[in-house]
Amino acid sequence: MIVSLFLAALVGLLPPGNVAAIDNPNDEGQAISVTWAAPEGESTSFTGYRVLRSPAPDTGFQVIGTEPAARAEYMDNDVHDGARYYYAVETYSDTDSARSAVAGPAVSSAQWYNASRTNILVMAILICAIFLFYIQQARKGKKMYIRKIAGLDAIDDALGRATEMGKPILFSFGLGVITDLVVIAALPLLRKIAKKSAEYSTRLLVPSSDPIVMSAAQETVKEAYTETGRPDFYSADNINFLTSDQFGYAAGVDGIILREKPGAIFWLGYFYAESLIMAETGHSVGAIQLAGTTELTQLPFFVAACDYTMIGEEIFAASCYLRPEPIMLGTLKGEDFIRFWLIVLTAAVVVIGTVDAIANHRIHFLASLFERLVAWATPAY
């Protein structure tokens, strides 16, 4: 050992060993990973490593990067897929350097499969299998339990109440646009309400804050009236565009409520600070109100001012609840199954982690107490 150190001191810096250059795995290409081992028996301190690259094994090497002495790897991201590259690594100091043997050729390429994400693939296959299982069960006619949603069960009662009082029905998507999932989920509810309004010969008012949402609402109501056999009952004037301004829309809707005094109001869509303004106005005219939104900050206001409120995902389950088709029903039951087990697993992890933390705390406390007792009982000399 002493002889090797002495020889190392005579020759100066030693080059790194085991230089390897490989295509960086599990990426989209254009990257080569270079690794090496620190020089053995190094007795002279050195500043760090220089990484050199060349398209040929014996000439044309140029420095492409540096690494500190404590690091033994380098990622070359300035390469082209399919091209051959050769690498060398050298130790260097202020006065000397030592180059390693050439490694390569290395060729970068994109991988079609990321092996480090295998767990995600397994979870995706498992989730799809659960959905397909429940969809298949629904297609076979197996009866599946769906939790009651009071707001949806009250739709017929609200429409019947408005009809008995001879008052119109008002439906609002709020400030949502057609790309909002909650607006898309509310369209089947509008269809059901429109069918009932045609059967009861009750006017349906749909003020909109977005022109595209207005067009979708017009087509939905028109088709519903046609399917019910009352195409003559449809009037485009009842489904109009007010304004895209937040409080301008709220003022317009409040004006309609005060003039028309609807017997039933449905707030189903995307709402912001105007939610309480409109819901309070509806409450002031004695209308029965049903609300549903995914905007969590507005749910307390709807709960306070409306008769029924669908919270969060209940509005997404509404179309399946009202018309349980096999695909929608199977998807809904699969989602409930996955959510249930996620809740169970999360609760189990929390309980186990809490118990483990308490146990470790008690062990540390007892150990500390024992050390204090020993220190107190041991005489000091």
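Rule-based calculations on the coordinates, nothing more; no lab input. Keep in mind it's a predicted model, so treat the numbers as computed, not measured. Every residue, glycine among them, receives a Cβ derived from its backbone with ideal geometry; neighbour counts consider all protein chains shown.
Where does the chain land on the Kirkwood hydrodynamic radius, alpha-carbon pairs, in angstrom? Mean inverse Cα-Cα distance, inverted, gives 28.0 Å. Looking at the chain, which longest stretch skips every one of the trypsin sites (Lys or Arg not before Pro) that is in a DSSP loop with at most 14 other Cβ atoms within 10 Å, leaving the sites themselves out? Between exposed loop sites, the widest span is 149-381. Pairs of lysine residues in the chain that meet both criteria, 8 or more places apart or on different chains and Cα atoms under 15 Å apart, total 9. At full extension, I277 and M123 could sit 51.0 nm farther apart than now, given 0.36 nm per residue minus the alpha carbon distance. Taking the longest Cα principal axis of the chain as reference, the axis of helix 155-165 is set at about 30 degrees. Within the chain, which is the longest segment that contains none of the GluC sites (Glu not before Pro) sitting in a DSSP loop with at most 15 other Cβ atoms within 10 Å? Longest gap between qualifying sites, sites excluded: 41-381.
Of the residues F46, F173, F266, the one that moves most in a GNM of the chain with alpha-carbon contacts below 10 Å is F46.
Any idea what the relative contact order of the range 58-187 is, in percent, if you count C-alpha pairs under 8 Å spaced at least 6 apart?
The value is 12 percent.
A simple count of charges around V221, restricted to other residues whose Cβ falls under 14 Å of its Cβ and scoring Lys, Arg +1 and Asp, Glu -1, yields +1. Between helix 326-377 and the chain there is an angle of about 50 degrees, using the helix long axis and the longest principal axis of the Cα atoms. Where only DSSP H runs of four or more residues are counted, the chain gives -15000 deg cm²/dmol as its mean residue ellipticity at 222 nm, each run worth -39500 (n - 2.57). By the Kirkwood approach, averaging reciprocal distances over each pair of separate Cα atoms, the range 2-107 gets a hydrodynamic radius of 14.3 Å.
The long axis of helix 181-200 is offset from the longest Cα principal axis of the chain by roughly 10 degrees.
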